[in-house]
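J.: Below is the structure I would like to discuss, written out as structure tokens.
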């Protein structure tokens, strides 16, 4: 027999919805308990999956997110920039240690050997450029998709969410973070500036790519972390 726990269909359904809500467990618990009761009433003796009777997890999560107060408000530009600075410090520290390790493991002294400039550039891009780009992609895209936050944002109680308040998708995470990748980083100041200038018309404190992706950055009004 398999030792893995098999969830009841309704419990599995509730877990899917819970996973879509990027908020601390202790403020989700009463909301999800009420939802479970409603699902049980709606399903009754019906043998169909809960998603057929009650709606898909994504639809239900969006409705719940909009209907409840999660003790958050739109994050201000100053707070977001401070979080970005903290993330930059973290990234710089990781890359600094990486450069030391890389130097120890791959000790190419280009001054002692005769190499064409293009070959030197290729070596540098291979061992420095590519890992740097991949790390930036992982840091922002993966962390924001998986945890809705980064170390810098977490320290300030910030979360990146869908406009409805649920977790963002991979596509949304890629779109909103593409200007943070070094090769496209030159567009980031314009992304932020246009977002600030359009504040009066949209009132959502969104960068341009946040607007395109349908994402917002919220800040917890209290510390609910367990």
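Just so you know, all these numbers are worked out from the coordinates, no wet-lab data involved. Please read all numbers here as calculations on a predicted model, not as lab measurements. Cβ placement follows ideal geometry from the backbone for every residue including glycine, while neighbour counts extend to all protein chains displayed.
J.: Can you tell me, using C-alpha contacts under 8 Å and at least 6 residues apart, the relative contact order of segment 9-67 as a whole percent?
T.: Once normalised by length, the contact order is 47 percent.
J.: Among 205, 71, 47, 15, which comes first, then next, by fewest other beta-carbon atoms within 10 Å?
T.: The fewest-first ordering by Cβ neighbours comes to 47, 15, 71, 205.
J.: Based on other C-beta atoms within 10 Å, arrange 162, 68 from fewest to most.
T.: Ranking 162, 68 by Cβ neighbours within 10 Å, fewest first, gives 68, 162.
J.: Just rank 77, 70, fewest to most, by other beta-carbon atoms within 10 angstrom.
T.: 77, 70
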